[in-house]
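Just below is one structure, and these are the notes that go with it.
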Amino acid sequence: MKRLTLVLAACVASAQQHYTPAPENLKSREWFQDNKFGLFIHWGVYSVLGKGEWVMNNDNMTVAEYEKLPPRFNPTEFNAAEWVAMAKDAGMKYITITSKHHDGFAMFATRQSDWNIVDRTPYRQDPLKMLADECHRQGIKLFFYHSQLDWHNPDYYPLGRTGHASGRPPGGDFNKYLDYMDNQLRELLTNYGEIAGIWFDGMWDKPDANWRLDRTYGLIHSLQPAAMVGSNHHLKPFEGEDFQMFEKDLPGKNTTGFSDKSEVGALPLETCDTINNSWGYNSSDHKYKSTKELIQYVVKAAGNNANFLLNIGPMPSGKVQPEFVARLHEMGEWMRKNGESIYGTRGGPVTPRPWGVTTQNKDKIFLHVLDWKDKVLALPKLPGVRGATLLGSGQPVQLRKEPNSTLILFPSEERDPIDTVIVFEKVK
Ligand code: FHN
């Protein structure tokens, strides 16, 4: 594995000139960090089987078998305005949707191959066009998730770690595959208006391949300089990337094994996770996180200076299952009351603790007490602040300033079961 990472890093490093983000890209990064909360959408023909987005690989389906799915995919109940309104109601400021996942199926109108929703399904429409128009209309930014890994394209060759049951003939041309990918990215960054960024995934399938990242990242930045490039390669960010994501972990943590080789870089950060345990629609996965867990996840991410990208896997009809809709709405109710302590903030000044986190903007520090039973909570000394009140009610909170710490004295009745947010005014 060490050799693999070194080879990958060497391949990439050798290929890359120094990247200077355009001024509008730096503005996008600011916007991204201020807006904190997004909706991740894994949607594709795999939803027909209701076994998640890895069904082709997990069930060892050949390309021929998998090609029987699109004729069964007809999402007549898909309503872009409804999806965007649901995200806005949850307090989310952007959407990241799968334009193509590992099955190679394009959820948009592409001229590069007929392996797409318009040419191969009875639906014959482009949901990404409808979603892009609706996002622009409702003021929500749109990112496209795009899989570099492709289990369908014969030029994705030599195979990597996955997709060995696809039955594709050997001997494809990988550079031809990368041309194909770049051409689809050109379509996504040309035909859908302003796109906030590209969320790459799948490089980990062929870690020692020459992915020509310079060319691909350069193409994106030339077509839309403000667009942010991120890649879920689980390693330290590469030149040309504008944000860094962590899957199912807060930055720097590694509970899932994905991030053992990762390092928290200096780029804007984002953590992504599922509401149940599946990215794509999975009819038998009912392991839903509670609304409390999900709200605390947004707060912990913000306290770790990261965004939170929360996933849904819509059904093949185009409808979103009620367990997801309910939790998103309840999160929105909390964000409407407490959003000031999240949007426009950065993590700190107190680093994340077992009892909670802090966030701050230029005028205030927000203490998020997520899990604390005692009557007194000792904080490191907080210089340059005055007074403490409860967010919302403005009720004063008792403080006792000790030589090296600040004690918060808050009786139980003042606590909130999800997050007791205490506000300190910064002394100007
Ligand atoms: O294999 C994918 C998976 O299907 C899903 O897209 C997640 C989302 O972050 N990323 C990969 C697993 O690391």
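The single condition from (1) closer than 24 Å to Ile418 by Cα; (2) in contact with a Leu (Cβ under 9 Å, 6 or more places away or on another chain); (3) assigned to a loop (DSSP other than H, G, I, E, B); (4) within 15 Å of the ligand (Cβ to nearest atom) that Thr255 fails is (2).
Among the residues of segment 176-215, those identified as out of contact with any helix residue (DSSP H, G or I) (no Cβ under 9 Å at 6 or more places or on another chain) and away from the ligand (no atom under 16 Å from the Cβ) are Lys176, Tyr177, Asp179, Tyr180, Asn183, Gln184, Glu187. For segment 261-282, a residue qualifies if it is more than 13 Å from the ligand (Cβ to nearest atom) and surrounded by fewer than 15 Cβ atoms within 10 Å (Cβ to Cβ), and the qualifying residues are Glu263, Ala266. Quick check on segment 81-96. Is at least one of its residues β-branched (Val, Ile, Thr), within 13 Å of the ligand (Cβ to nearest atom) and not in a loop (DSSP other than H, G, I, E, B)? Looking for residues that are β-branched (Val, Ile, Thr), within 13 Å of the ligand (Cβ to nearest atom) and not in a loop (DSSP other than H, G, I, E, B), one finds at least one in segment 81-96, hence yes. Annotation note: of Val357, Val369, Val397, the sole residue that is in contact with a His (Cβ under 6 Å, 6 or more places away or on another chain) and of a type in the set (A, V, I, L, M, F, W, C) is Val357.
For Ile365, the criteria (1) modelled with pLDDT of 95 or more; (2) at positive phi hold in every case but one, which is (2).
Among the listed residues Asp114, Asp150, identify the single one that is of a type in the set (Asp, Glu), under 24 Å from Pro71 (Cα atoms), out of contact with any strand residue (DSSP E or B) (no Cβ under 6 Å at 6 or more places or on another chain) and within 16 Å of the ligand (Cβ to nearest atom).
Working: Asp114 fails: within 16 Å of the ligand (Cβ to nearest atom).
Going through Asp114, Asp150 in turn, the sole match is Asp150.
Under the condition of being out of contact with any Cys (no Cβ under 6 Å at 6 or more places or on another chain) and of a type in the set (S, T, N, Q), the residues counted in segment 199-222 number 2.
Listed by position, the helices (runs of 4 or more DSSP H) enclosed by segment 109-224 that each have at least 3 residues that are crowded, with 19+ Cβ neighbours inside 10 Å are 127-138, 174-188, 213-223.
State whether the residues of segment 280-296 include one that is of a type in the set (A, V, I, L, M, F, W, C) and more than 23 Å from Val369 (Cα to Cα).
Scanning segment 280-296 turns up no residue that is of a type in the set (A, V, I, L, M, F, W, C) and more than 23 Å from Val369 (Cα to Cα).
Select from segment 40-62 the residues that are crowded, with 20+ Cβ neighbours inside 10 Å and either aromatic (Phe, Trp, Tyr) or farther than 15 Å from Tyr281 by Cα (or both) and list them in ascending order. Phe40, Trp43, Tyr46, Met61, listed by residue number. Of all residues in segment 63-80, those satisfying the criterion of being assigned to a helix (DSSP H, G or I), away from the ligand (no atom under 16 Å from the Cβ) and buried (at least 16 other Cβ atoms within 10 Å of the Cβ) are Val63, Pro70, Ala80.
The values are calculated or read from the model by the stated rules, or taken from the named source; none is laboratory data. Not measured: the values here are computed from a predicted model. Note that we place each Cβ from the backbone using ideal geometry, even for glycine, and neighbour counts take in every protein chain shown.
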